[in-house]
1. Once you order the gyration tensor axes a ≥ b ≥ c over the Cα atoms, which shape class does region 53-151 get: rounded for a/c under 1.5, otherwise prolate or oblate by comparing a/b with b/c?
2. Decide, for region 34-111, between rounded, prolate and oblate: order the square roots of the alpha carbon gyration tensor eigenvalues as a ≥ b ≥ c, take rounded if a/c falls under 1.5, and otherwise choose prolate if a/b is larger than b/c, else oblate.
3. What distance in nm lies between label points placed 7 Å from Cα along the C-beta direction at residue 156 and residue 113?
4. Would you list 77, 114 from fewest to most Cβ contacts within 10 Å?
5. Can you sort 113, 68 from fewest to most other Cβ atoms within 10 Å of each residue's own Cβ?
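Derivation of every value follows stated rules applied to the coordinates shown; laboratory data play no part. Computed from a predicted model, the values in this text were never measured in an experiment. Backbone-built Cβ (ideal geometry, glycine too); neighbour counts: all protein chains shown.
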């Protein structure tokens, strides 16, 4: 993700943006530093920074708003799904237009969602057994380009 910083010259604030038109102010306290620390004040309460992909028990993948923000995906309208059976890994390739073999994303205020029952069924993935939140890895594939990959893990009792 590309972060931009704009220093407001007459104040002790920074504007921090993540390339999606979202910005937040960070207040810099110039009197700090004589104690060996260089603190900056966090003022972005309520913002979403957790970058997760979830597999739901109803057979769909959810994408957190933090994931959308981090990887600048707000212009994506569809995606393609890929599966590595040996590693139990699912790859998501986000697209700016609908292509043959892609599925439309359902945009939400808090991220996005795609129904994937046919994908899960084809590969015998039990969504109850593997439901949960996953931290995606950004992967560059020589043939397919940039993708986001999660490796499915069997859910343990009490784990989401």
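1. Details: a/c = 1.38, a/b = 1.18, b/c = 1.17.
Cα axes put region 53-151 in the rounded bin.
2. Working: a/c = 2.56, a/b = 2.01, b/c = 1.27.
Because a/c hits 1.5 or more and a/b exceeds b/c, region 34-111 counts as prolate.
3. Simple spin-label model gives 2.9 nm for this pair.
4. Details: 77 14, 114 18.
Taking fewest neighbouring Cβ atoms as first place, the list is 77, 114.
5. The fewest-first ordering by Cβ neighbours comes to 113, 68.
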